[in-house]
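The values are calculated or read from the model by the stated rules, or taken from the named source; none is laboratory data. Everything quoted here is computed from the prediction, not taken from an experiment. Glycine also receives a Cβ, built like all others from the backbone with ideal geometry; neighbour counts cover every protein chain displayed.
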Amino acid sequence: MDKNHPRHDFKCMLDKQPIKIKCMLERGQSSDPKDLLFSVKKSSLIQFKTELDAFLAANTKEEVCDFKVKGSWLERSCAIHLGNTPTIIAQVNLTLHHVRSSVRACSSTYNNLYFIQIHTFSSSSLETTPNQHSFAVNYFINSCGFPLEKALSASNYVKFETPNKPDSVLAFFENHGFTKTQISNLVRRYPPVILCDPEKTLLPKFQFFKSKGVSSTDVAKILSSAPAVLKRSMENQIIPSFNFFKSFIQSEEETISAIKRNAGLLLVDLQNCALPNVEILREANVPDAKILFMLKFMPRAFILTSDRLRKIVNEVKKMGFNPSKSNFVLAVHALKSMSKSTWGKKVEVYKKWGLSEDDILVAFGKYPWCMMASEHKIVRVMDFFVNKMGWRSFLVARRPWFISMSFEKRIVPRCAVYQVLLSKGLIQNNDITLATMLKYTEKVFLTEVVNCHQEEAPELLKLYKEKLAVTK
């Protein structure tokens, strides 16, 4: 590095009565570093902010991300640009809180708090971190699009000082159909991939998927969704996992489709998860056809630990579900997709609309997806039907599939048409009529509801299209 450039380290020294903070910006091997001494008391934190801003502005190009002054708390977080270079080479996170206790934590003389390139200061650590990972930080930011915080984090466990290997990995992905966004997302999710050997580690995975007829675009999607696949052994993990699911699904094409839905299947522990989980479902009298359905469309059940799946299966049984019916595996899917806390919160949301736990369980038994909706969606749909359409809440509970319908694209536009027809006396005011209209396919709805009333209500089609357009 050019000796004219700063050394990139900011040192803050704490002393007792009053607290003194000395910020030094050292240049090369100069024996005459620029420095500024501040005396900081609880009552002068804002003044300290002003002086520190002025000091940094005079010596650096700074982008301030955060600054808060609250009572005896001072929080500052900024990214520092030294000289005219656009590269972010340092982050300063400075927190002074409960000043007296901070001083007591220091030694009897001075404590050096270093805000060094790629080091994020923590009040629990007063140690110096060398800046040997600066190259990796800059590379993650400039070549992979990482934000500074993520680059700092990744550089702690992915270390390199030359661009050769990372460049070859990025070039490999580009040459195999990955978009820049996919590459960035993949490396963010799994930074160690940047040090893989393209020929020995990456290429065999691509060749494997190609041999199964998977397009370059789909290979990119699969590996972007589960980048850890790239580091796993072909012989010990990927091929055995693929063959296991293929033997059960009995179709290579459908096995690939299942992997597209959840590439984590290739990472599953066959001996401790997949095989035992199949047996758990069989022991519960779930037909192989339903297990196959789960493998194709809900494969995450086979990544669960056996203990967790067994508990879920037993819970679904206690709810009265029949293992031979499709709703049994849907209920298993619903319960494994949320924690007990999340389940409880959704139950409470329904209860606020006057439904009992029995009402909720009956609705769940009819249509398990009603518990997969977010709390916000549940409130939105219940509020619309109860307060806008004048329904009683138990009528919605009797038709729990309403909760999963698109609010903007189906419920609102079709209910608007329903209200016009009702106001003109063209239909009867009952929930059965509206429920039927909501369940129609788009084609049937237009034919049986909108177009057949063109003479009596010519505005219907325009109204319906306007309501749909609002959501686009």
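Quick notes on this one:
- Checking each residue in the range 187-213 for being in contact with a Lys or Arg (Cβ under 8 Å, 6 or more places away or on another chain) and hydroxyl-bearing (S, T, Y) picks out Y190, T201.
- Any hit, the range 391-398, residues being at pLDDT 95 or above, in the same structural domain as C415 (by TED's automatic domain parsing), basic (K, R) and more than 23 Å from N327 (Cα to Cα): no
- Number of the exception - L230 against (1) assigned to a helix (DSSP H, G or I); (2) within 23 Å of H333 (Cβ to Cβ); (3) not basic (K, R): (2)
So that you can scan it fast, the table gives a plain yes or no per residue for (1) closer than 22 Å to Y139 by Cα; (2) more than 21 Å from the chain's Cα centre (by Cα):
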residue	(1), (2)
P166	yes, yes
F178	yes, no
T181	yes, no
S184	yes, no
F208	no, yes
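- Subset tally (residues that are crowded, with 16+ Cβ neighbours inside 10 Å, farther than 15 Å from I222 by Cβ and of a type in the set (G, A, S)) for the range 256-300: 2
- In the set (1) at pLDDT 90 or above; (2) under 22 Å from C273 (Cβ atoms); (3) not β-branched (V, I, T), D218 fails one condition alone, (2).
- Number of positions in the range 428-456 that are surrounded by fewer than 18 Cβ atoms within 10 Å (Cβ to Cβ), more than 37 Å from the chain's Cα centre (by Cα) and either within 26 Å of V386 (Cβ to Cβ) or among the hydroxyl-bearing types (S, T, Y) (or both): 7
- The set of residues in the range 164-197 being more than 27 Å from F245 (Cα to Cα), in contact (Cβ under 8 Å) with a residue 40 or more places away in the chain and not in a helix (DSSP H, G or I) consists of T179 alone.
- Residues that are touching a Ser or Thr at 6+ places or on another chain (Cβ under 8 Å) and of a type in the set (S, T, N, Q), drawn from the range 184-201: N185
- Hits in the range 167-217 - residues which are under 17 Å from K231 (Cβ atoms) and of a type in the set (S, T, Y): S168, Y190, T201
- First in the range 140-156 and in the same structural domain as L186 (by TED's automatic domain parsing) and touching a residue at least 60 places away in the same chain (Cβ under 8 Å), second anywhere and buried (at least 20 other Cβ atoms within 10 Å of the Cβ) and polar (S, T, N, Q), Cβ under 9 Å, 6 or more apart: L148/Q91; L152/Q91
- Test for A397: is it under 19 Å from W343 (Cα atoms) and in a loop (DSSP other than H, G, I, E, B): no
- Filtered by the rule that a residue be surrounded by 19 or more Cβ atoms within 10 Å (Cβ to Cβ) and β-branched (V, I, T), the range 216-243 gives V219, I222, V229, I238.
- The range 236-271, residues that are β-branched (V, I, T) and under 19 Å from Q207 (Cα atoms): I238, I239, T255, I256, I259
- Residue in the range 187-206 that is more than 21 Å from the chain's Cα centre (by Cα), hydroxyl-bearing (S, T, Y) and more than 27 Å from A154 (Cβ to Cβ) present: no
- The listed residue being of a type in the set (K, R), in contact (Cβ under 8 Å) with a residue 24 or more places away in the chain and closer than 23 Å to N243 by Cβ, out of K205, K200: K205
- The residues listed here are V386, V420, V396, V379; of these, the one that is over 28 Å from A334 (Cα atoms), among the aliphatic types (A, V, I, L, M) and without any contact (Cβ under 8 Å) to a residue 60 or more places away in the chain is V420.
- All of (1) assigned by TED's automatic domain parsing to the domain that holds L265; (2) free of Cβ contacts under 8 Å to residues at least 24 places away in the same chain hold for S241 with one exception: (2).
- Enumeration of residues in the range 381-392 that are surrounded by fewer than 16 Cβ atoms within 10 Å (Cβ to Cβ) and either in a helix (DSSP H, G or I) or among the β-branched types (V, I, T) (or both): D383, N387, K388
- The range 237-247: number of residues that are in contact with a helix residue (DSSP H, G or I) (Cβ under 6 Å, 6 or more places away or on another chain) and either of a type in the set (A, V, I, L, M, F, W, C) or not in a helix (DSSP H, G or I) (or both): 3
- The single condition among (1) closer than 18 Å to A397 by Cβ; (2) in contact with a His (Cβ under 9 Å, 6 or more places away or on another chain) that M298 does not meet is (1).
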